[in-house]
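These notes concern the structure reproduced below.
The values are calculated or read from the model by the stated rules, or taken from the named source; none is laboratory data. Please read these numbers as outputs of a predicted model, since none were measured by experiment. Virtual Cβ from ideal backbone geometry, glycine too; neighbours counted across all protein chains shown.
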Amino acid sequence: SQKIEQNSEALNIQEGKTATLTCNYTNYSPAYLQWYRQDPGRGPVFLLLIRENEKEKRKERLKVTFDTTLKQSLFHITASQPADSATYLCALDGGGSYIPTFGRGTSLIVHP
Amino acid sequence: GAVVSQHPSRVICKSGTSVKIECRSLDFQATTMFWYRQFPKQSLMLMATSNEGSKATYEQGVEKDKFLINHASLTLSTLTVTSAHPEDSSFYICSAMRGADNEQYFGPGTRLTVT
């Protein structure tokens with residue numbers, strides 16, 4: 001069955017550093033991968049989408065890479081700020097379904 | 001960006017009662033909306049796909065008679081939790097899909113507590 005893995009342990013980093021979050025998947029050949037941000041008690045907010053034929057995509061301080069050989073996506077936040085503290089979810093297209101499937105998310109804590 | 005609202009944001013009800021949650025797309029029409037359930041520190045679990053003008057499609061293991069979904073218009077879908085029990089206590093989130101990239105726009109969520 002399809003499986004998405006995100007590190008369940010929180011990532012703690014110092015303000016100004018680059019945060020890197022990982023999304024691994026198995027038994028998938030997704031056409032695209034999405035990243036969302038979720039704050040406590042709130043619904044997720046869409047951040048970025050990267051397609052299978054794209055290696056990298058950037059948006060302001062965010063950078064996403066997609067390695068279909070490793071079956072992995074990396075999500076980077078440069079010059080991190082305490083306001084970036086949240087849970088970040090990756091989602092993959094449903095392998096033929098247009099409905100994305102979500103990972104559990106990784107909590108990021110940026111310390112001032 | 002697209003805005004999706006949910007009402008209420010929090011609700012506490014007694015066991016055995018029914019609760020209705022509304023999901024509205026405020027600035028776009030959504031023929032399809034989705035209902036999710038999320039437990040603390042867990043991933044979003046898709047419960048059902050709500051289609052305007054037709055019956056909802058439920059995921060395996062989700063009781064359609066317990067979680068009634070109505071998509072009466074292009075901007076409104078409702079989820080009714082019938083005969084709620086404490087184990088139904090959870091965070092319920094709706095979303096609507098928009099755009100060529102199929103990005104989902106989520107509502108702010110509804111925290112349901114059944115006592």
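Can you confirm whether region B:10-22 contains a residue that is acidic (Asp, Glu), part of a strand (DSSP E or B) and under 30 Å from A:Leu48 (Cβ atoms)?
Within region B:10-22, one or more residues are acidic (Asp, Glu), part of a strand (DSSP E or B) and under 30 Å from A:Leu48 (Cβ atoms).
Hey, could you check region B:49-76 for residues that are hydrophobic (A, V, I, L, M, F, W, C) and within 18 Å of B:Ser5 (Cα to Cα) and say which is nearest to the other protein chains (Cβ to nearest Cβ)?
B:Ile69
Only one of (1) surrounded by fewer than 17 Cβ atoms within 10 Å (Cβ to Cβ); (2) among the hydrophobic types (A, V, I, L, M, F, W, C); (3) over 20 Å from A:Pro40 (Cα atoms) is not met by B:Met45, so which one is it?
Among (1) surrounded by fewer than 17 Cβ atoms within 10 Å (Cβ to Cβ); (2) among the hydrophobic types (A, V, I, L, M, F, W, C); (3) over 20 Å from A:Pro40 (Cα atoms), B:Met45 violates only (3).
Examine region A:81-88 for a residue that is outside any loop (DSSP other than H, G, I, E, B), touching a Gly at 6+ places or on another chain (Cβ under 8 Å), modelled with pLDDT of 95 or more and not acidic (Asp, Glu), and state whether such a residue exists. Before the answer, list the steps.
First, pick out the residues of region A:81-88 that are outside any loop (DSSP other than H, G, I, E, B): A:82-84, A:86-88.
Subset that is touching a Gly at 6+ places or on another chain (Cβ under 8 Å): A:87-88.
Among the residues that remain, those that are also modelled with pLDDT of 95 or more are: A:87-88.
Now restrict to residues that are not acidic (Asp, Glu): A:87-88.
The answer is yes, given that some residue of region A:81-88 is outside any loop (DSSP other than H, G, I, E, B), touching a Gly at 6+ places or on another chain (Cβ under 8 Å), modelled with pLDDT of 95 or more and not acidic (Asp, Glu).
Can you tell me which residue within region A:8-30, out of those that are at pLDDT below 95 and surrounded by fewer than 15 Cβ atoms within 10 Å (Cβ to Cβ), is nearest to the other protein chains (Cβ to nearest Cβ)?
In this case the residue turns out to be A:Ser8.
Please tell me if B:Ala30 is part of a loop (DSSP other than H, G, I, E, B) and in contact with a Leu (Cβ under 7 Å, 6 or more places away or on another chain).
yes
Just one of A:Leu70, A:Leu33, A:Leu47, A:Leu89 is more than 12 Å from chain B (Cβ to nearest Cβ) and not acidic (Asp, Glu); which is it?
Values: A:Leu33 fails: more than 12 Å from chain B (Cβ to nearest Cβ); A:Leu47 fails: more than 12 Å from chain B (Cβ to nearest Cβ); A:Leu89 fails: more than 12 Å from chain B (Cβ to nearest Cβ).
Going through A:Leu70, A:Leu33, A:Leu47, A:Leu89 in turn, just one is more than 12 Å from chain B (Cβ to nearest Cβ) and not acidic (Asp, Glu): A:Leu70.
Take the residues of region B:82-106 that are buried (at least 22 other Cβ atoms within 10 Å of the Cβ) and under 26 Å from B:Gly16 (Cβ atoms): which is nearest to the other protein chains (Cβ to nearest Cβ)?
This residue is B:Ile93.
Assess whether A:Phe102 counts as being in contact (Cβ under 8 Å) with a residue 60 or more places away in the chain and in contact with a Cys (Cβ under 8 Å, 6 or more places away or on another chain).
Working: in contact (Cβ under 8 Å) with a residue 60 or more places away in the chain: yes; in contact with a Cys (Cβ under 8 Å, 6 or more places away or on another chain): yes.
In short, yes.
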